[in-house]
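S.K.: One structure, as structure tokens, below. Some questions next.
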């Protein structure tokens, strides 16, 4: 999608709340990997899916600065909760400050450990799971998360197009090969329905049957 079309779609969609705009600006100013931010277009989709599904218990892999967590929780019902997993405490000061400012710190629990250490200890079922963590471990995360997801629940996996390289066989670097294999695994799993959206770097919507 070119910049003009993207700008047009943003101008004709819901406006980004000031708190999220502030967090986005802060992320660009204070981090070296601001491109990891979900962004408002994807954030709107996350929030709308929470509203449509009525998700009460949510799980996220990859907190970063907390933008996607807030997108989900700010659109959730007042009794909804989120477990989010982040192995790196370096940015805890940032996401915790914004969770506090949004009055959501008591309903968002951050687990500061590797996801494969946390997931076996969590109790399902979750209504919605968002995976935006180490792409090379997506298959492991998928296998660990699917049993935690309720029947009819949604799982979203980010960066499944990997700069569009997965669609072109000439790209055979290790990361692309791993993500391509993960996409094929999900597409062939009879336990789920999947829709891959060409949004940003690719987002797979997975519904557990």
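S.K.: Restricting attention to the range 23-43, which residues are closer than 21 Å to residue 6 by Cα and either free of Cβ contacts under 8 Å to residues at least 12 places away in the same chain or within 12 Å of the chain's Cα centre (by Cα) (or both)?
M.R.: 25, 28, 34, 35, 36, 37, 38, 39, 42, 43 - these are the residues of the range 23-43 that are closer than 21 Å to residue 6 by Cα and either free of Cβ contacts under 8 Å to residues at least 12 places away in the same chain or within 12 Å of the chain's Cα centre (by Cα) (or both).
S.K.: Quick check, is residue 48 touching a helix residue (DSSP H, G or I) at 6+ places or on another chain (Cβ under 7 Å), in contact (Cβ under 8 Å) with a residue 12 or more places away in the chain and closer than 21 Å to residue 154 by Cα?
M.R.: Judged against the criteria, residue 48 is not a match.
S.K.: With respect to residue 89, is the statement that it is over 21 Å from residue 208 (Cα atoms), free of Cβ contacts under 8 Å to residues at least 40 places away in the same chain and in contact with a strand residue (DSSP E or B) (Cβ under 8 Å, 6 or more places away or on another chain) true?
M.R.: Spelling it out, it is not the case that residue 89 is over 21 Å from residue 208 (Cα atoms), free of Cβ contacts under 8 Å to residues at least 40 places away in the same chain and in contact with a strand residue (DSSP E or B) (Cβ under 8 Å, 6 or more places away or on another chain).
S.K.: While we're here: Taking the range 76-90 only, how many residues are assigned to a helix (DSSP H, G or I) and surrounded by 14 or more Cβ atoms within 10 Å (Cβ to Cβ)?
M.R.: Selection size over the range 76-90: 0.
S.K.: Now a separate question. Residue 194: in contact with a strand residue (DSSP E or B) (Cβ under 6 Å, 6 or more places away or on another chain), surrounded by 17 or more Cβ atoms within 10 Å (Cβ to Cβ) and either at pLDDT 95 or above or assigned to a helix (DSSP H, G or I) (or both), yes or no?
M.R.: no
S.K.: Select, from 39, 54, 66, the only residue that is at positive phi and modelled with pLDDT under 95.
M.R.: After applying the criteria, what remains is 39.
S.K.: List every residue pair whose Cβ atoms sit under 7 Å apart, with the two residues 6 or more apart in sequence or on different chains, where the first one lies in the range 183-199 and is within 22 Å of residue 147 (Cβ to Cβ) and the second, anywhere, is in a loop (DSSP other than H, G, I, E, B).
M.R.: Sorted first by the residue in the range 183-199, then by its partner, the pairs are 183/160; 191/209; 192/209; 193/209.
S.K.: Shifting gears a bit: Would you pick out the residues in the range 56-71 that are surrounded by fewer than 24 Cβ atoms within 10 Å (Cβ to Cβ) and touching a strand residue (DSSP E or B) at 6+ places or on another chain (Cβ under 8 Å)?
M.R.: 56, 57, 62
S.K.: Out of (1) under 23 Å from residue 53 (Cα atoms); (2) over 17 Å from the mean Cα position of the chain (by Cα); (3) surrounded by fewer than 15 Cβ atoms within 10 Å (Cβ to Cβ), what's the single condition that is false for residue 124?
M.R.: (3)
S.K.: Is one or more of the residues making up the range 102-110 crowded, with 18+ Cβ neighbours inside 10 Å and over 20 Å from residue 61 (Cα atoms)?
M.R.: Yes: the range 102-110 contains one or more residues that are crowded, with 18+ Cβ neighbours inside 10 Å and over 20 Å from residue 61 (Cα atoms).
S.K.: Yes or no: residue 42 over 19 Å from residue 126 (Cβ atoms) and touching a strand residue (DSSP E or B) at 6+ places or on another chain (Cβ under 7 Å)?
M.R.: yes
S.K.: Could we say that residue 205 is surrounded by 20 or more Cβ atoms within 10 Å (Cβ to Cβ) and either under 28 Å from residue 79 (Cα atoms) or under 17 Å from the mean Cα position of the chain (by Cα) (or both) here?
M.R.: No, not satisfied.
The values are calculated or read from the model by the stated rules, or taken from the named source; none is laboratory data. All values derive from a computational prediction rather than experimental measurement. Cβ: placed from backbone, ideal geometry, glycine included. Neighbour counts: every protein chain shown.
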